[in-house]
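After the structure tokens below, expect a handful of questions from me.
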Amino acid sequence: MFVDAVHPTHQVRAAGCWAPKDTAIAVEQTTGRQSLNIHGAINLETGQTQMLEVTKGQRNEPDALLKAIEAAHPAKKQIHVYLDNASYHHANIVRDWLKEQHRKSVLHFIPPYCPHLDPIEQCWALMHQHTTHNRDYKTFRQFKRAILNFLKHTIPKNWNRLCDRITDNFRVIHRDKFRVVA
């Protein structure tokens, strides 16, 4: 499972489009003051997602997504979870939870400043492409429904078509295996 958080804001994200020369393009805007806080995970083998909308009061529960992941995979003996180095991933509450008996989650931290190594970042990009680029939602409720529907239902349902866009296909290069030519 690859884990990360995303915070989409209720506003149109203007993206490139074609228009005749000298034609002014305008996109309606909302206030852009409300945003979602989503902690998410994706399984690259199946395309299944775990998406939790997190409110301000729940930010103190960084282990909630790990609990949801383990609950969704009761038959697994171990679950490898890849995540970034956000401070809440290293919090004492997470460490204490992982020490409990019968925990299945094994955490692997992606190197700092390497979001390109986390496939869920590509999931967030697809979410924006399909739900916020050049799209105006009159209400925050409509915006929230579109985002969560895409993440929870559209990705898993269309995994065969989307799996090439959300991938961990990268190579690790070791220092002793390359040289710099100046």
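Quick one: if the Förster radius is 41 Å, what FRET efficiency do Arg135 and Asn85 give, using the C-beta to C-beta distance and rounding to 0.05? Write out the running numbers ahead of the final one.
Working: r = 32 Å, r/R0 = 0.79.
Computed FRET efficiency for Arg135 and Asn85 comes out at 0.80.
How high is the relative contact order of the chain, given as a whole-number percent (alpha carbon pairs under 8 Å, six or more residues apart)? Before the final figure, lay out the partial values.
Numbers: 231 pairs, mean separation 50.0, N = 182.
Averaging sequence separation for qualifying contacts and normalising by length gives 27 percent for the chain.
Related question: Which FRET efficiency value, to the nearest 0.05, is calculated for Arg103 and Thr55 with the Förster distance at 30 angstrom and r the Cβ-Cβ distance? Please report the intermediate quantities before stating the final value.
On the way: r = 25 Å, r/R0 = 0.84.
Once rounded, the FRET efficiency stands at 0.75.
Set the Förster distance to 30 Å, then compute FRET efficiency between Thr9 and Leu117 from the Cβ-Cβ distance, nearest 0.05.
Values: r = 25 Å, r/R0 = 0.84.
Given R0 = 30 Å and the Cβ-Cβ separation, E is 0.75.
Hey, what D do you get for region 113-152 in µm²/s if you plug the Kirkwood alpha-carbon radius into Stokes-Einstein at 25 °C and 0.890 mPa s?
Values: Rh = 11.0 Å.
The estimated diffusion coefficient comes to 223 µm²/s.
Answer with a single label: of (1) 16.3; (2) 17.0; (3) 18.5, which was calculated as Kirkwood radius over Cα pairs in Å from the structure in view?
(3)
Report the charge-dipole magnitude of the chain in Debye, nearest 20, computed about the Cα centre from +1 at each Lys and Arg Cβ and -1 at each Asp and Glu Cβ.
On the way: 25 positive and 17 negative charges, 36 e Å.
The calculated dipole for the chain is roughly 180 debye.
Which of the lysines could a cross-linker span from Lys77 if the Cα-Cα distance has to be under 22 Å and same-chain partners fewer than 8 positions apart are dropped?
Straight-distance partners of Lys77: Lys67, Lys99, Lys104.
Can you tell which of Asn149, Asn169, Asn37 shows the greatest fluctuation in a Gaussian network model of the chain with Cα springs below 10 Å?
Maximum among the listed residues: Asn169.
Could I ask something else about it? Expressed as an acute angle from 0 to 90° and rounded to the nearest 10, what is the orientation of the C-alpha long axis of helix 140-149 relative to the principal long axis of the chain?
50 degrees
Of Arg135, Arg175, Arg141, how do they rank once you tally other Cβ atoms within 10 Å and put the fewest first? Please report the intermediate quantities before stating the final value.
Values: Arg135 16, Arg175 6, Arg141 11.
In order of increasing Cβ crowding within 10 Å: Arg175, Arg141, Arg135.
Express the relative contact order of region 60-145 as a whole percentage, based on alpha carbon pairs under 8 Å and six or more residues apart in sequence. List each step's numbers first, then the result.
Values: 57 pairs, mean separation 24.8, N = 86.
Reported relative contact order: 29 percent.
Only the coordinates and a few stated rules stand behind these numbers; no lab work does. Note that the structure is predicted; figures quoted are calculated from it, not measured. For neighbour counting, all protein chains shown are included, and Cβ atoms are generated from backbone atoms with ideal geometry for every residue, glycine included.
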